[in-house]
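I have placed the structure first, in the form of C-alpha cells, so that the comments after it can refer back to it.
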Amino acid sequence: MLQIESELLLIIRSVREHMSETQKYCVGIDLGGTFIKFVALGRDFRPGPTLQLPTPVQEGPDGVAKRMVAGLEQLMQSQRLSREDVLGVGIGAPGPLNLADGIVVAMPNIPGMENVPLRDLVSEGAGIPAVLENDANAAAYGEFLCGAGLGARHMVLVTLGTGIGGGIIIDGKIYHGANTFAGEIGHIIVDPEGEECGCGQKGCLERYCSATYIAKRAERMIRQEGRTGKLAELLRDNGAITARDVQLAAEDGDKFASEVWDSGMYFLALGCVNICRLLDPDRIVFAGGMAKAGDGLLGPVRKHFKQLHWSLTDILTKIEIAGLGNDAGVIGAAGVAWNAFD
Ligand SMILES: [Zn+2]
C-alpha cells in the first residue's frame, strides 16, 4: 500500500512539473526611439497580444529602464502571469551594444543613453533574468521562429529601410561573429570604385538599394541629367520623392522610374547571390519599409537573382517577404530569452 502511495505521489509530482513546465513564458521587450513594445511567448512560440508604451525619451536611461519594468509588469498582470511563470526577458535594442555585458553603448535618440547596463537595470528592477540582443538580430530570430522563416534551419533577414541591415540565423541560432558585427549586409561591397559610404568603405550595397538611395538616385538623375516623367513632376510638386514613389511609378510603366527601381533591385539580387555563396541559407527574407512593395520587390529581385546565380546547381534558396511586420523584433527578443534561459 505504502509503495503504491509513494508511486502515486511521484506520478502526481511529475504531472505537476510537466504542467508548470508547459505554462512557462518568456517576455520580449523591443526598445525603439518612439515606442517600447512587449510580448509574452509561450513554449509553443505562439505570441500573445503585444503591449506598446511610449519611450520616455526625456527621462534618460533610468526612466527608460523603469518604463520597461513597468510595462513588463503590466503585460504580466494582463495575462495573469506571476514571476515564477516567466523564465526570462529578452531585450532588443538598436546598436551599438556590448552583448556580453548587456550594455547599450550608444543610442543617439535618447539623451544620456551611453554605456548603460540596460540588461541588469531591467533584470534587477523586475527580479527576472534578462538578456540583451541587437534589434536587427532579434527581428531575424522572430521571423525565423514565427514568420517567413518557419520551417527553415538557416535564414538571412535583410531589412530594407533608410539603410540596409540584417540578421543571420545558422542552425536555428543567431550568428553574431567574433565581434558581433555579423549580418551587416548593407556594407557588403558591390563596387570597390563606387560611392563613399558613411562607414568608410566605398561602394557598399546600401548605397545602391536602400530606400534612401533609390530616392536620392532618382532625384539626382532628374536634377543633373534632366530626366523627365512622373518622378520629375512629383519632385517639382513636392520638393522630394521617396522609394515608394519610384516603385509605384515603375509599376505604372514610367520608363525612367522603372530604370531606377530595376537598378536598385539588381543590386539587391547581387547581395542575395553573395549571401548564398557564403551561407547557403534555406531562405532570404526581406523586411522593413521597402518590403511593403511585396511582389513589386520580389518580382524584379527574383528575376535578377536567377540571372546572377551560378549554374552549378539549381536555385535552392527561397526569397520571401517577412510575415510579422513591426512585431518581428519584440517576438524575436522573447525567442532570444527562450534560447538563453530554457
Ligand atoms: Zn558602408
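With a simple spin-label model that places each label point 7 Å from the Cα along the Cα-to-Cβ direction, the separation between M221 and Y175 comes to 3.4 nm.
A Stokes-Einstein calculation at 4 °C with viscosity 1.567 mPa s, built on the Kirkwood radius of the chain over Cα pairs, returns a diffusion coefficient of 60 µm²/s.
In straight-distance terms, cross-link reach from K292 covers every one of the lysines whose alpha-carbon lies under 26 Å from its own, apart from those fewer than eight places away in the same chain; here that gives K37, K216, K230, K255, K303, K306, K318.
As a ratio to 2.2 N^0.38 Å, the alpha-carbon radius of gyration for region 191-267 is 1.09.
The distance linking region 171-234 with region 101-125 is 29 Å (Cα centroid to Cα centroid, whole angstrom).
For region 99-126, backbone nitrogen atoms closer than 13 Å to the point 7 Å from T212 Cα along Cα-to-C-beta are found at no residue.
Taken about its Cα centre, the chain carries a charge dipole of roughly 520 debye when the Cβ of each Lys and Arg holds +1 and the Cβ of each Asp and Glu holds -1.
Peptides 137-148, 303-314 ranked from most to least packed give 137-148, 303-314, packing being the mean of other C-beta atoms within 10 angstrom over each peptide's residues.
Start at zero, step by 5 Å, and the Cα-Cα distances of region 281-342 spread as 4, 15, 20, 18, 15, 11, 9, 6, 2 percent across the bins.
Computed from the C-beta positions of I321 and E124 and an R0 of 51 Å, the FRET efficiency is 0.80 to the nearest 0.05. By the helix-only formula, in which each DSSP H run with n ≥ 4 contributes -39500 (n - 2.57) and the sum is divided by residues, the chain has a 222 nm mean residue ellipticity of -14000 deg cm²/dmol.
Spin-label pair R43-D262: with each label point 7 Å from Cα along the Cα-Cβ axis, the two points sit 5.4 nm from one another.
Annotation: Cα Rg of region 213-252 relative to the compact-globule expectation 2.2 N^0.38 Å equals 1.00. If R0 is 45 Å, the Cβ-Cβ spacing of E196 and L150 corresponds to a FRET efficiency of close to 0.70.
Over all distinct Cα pairs, what is the inverse of the mean 1/r for region 148-323, reported as the Kirkwood hydrodynamic radius in Å? It is 16.7 Å. Averaged over residues, the count of other Cβ atoms within 10 Å places the peptides 59-68, 24-33, 74-83 in the sequence 24-33, 59-68, 74-83, highest first.
Each value in this text was obtained by applying a stated rule to the coordinates, not by laboratory testing. Since we're looking at a predicted model, the values are computed, not measured. When we count neighbours, we look across all protein chains shown, and the Cβ atoms used for this are built from the backbone with ideal geometry, even at glycine.
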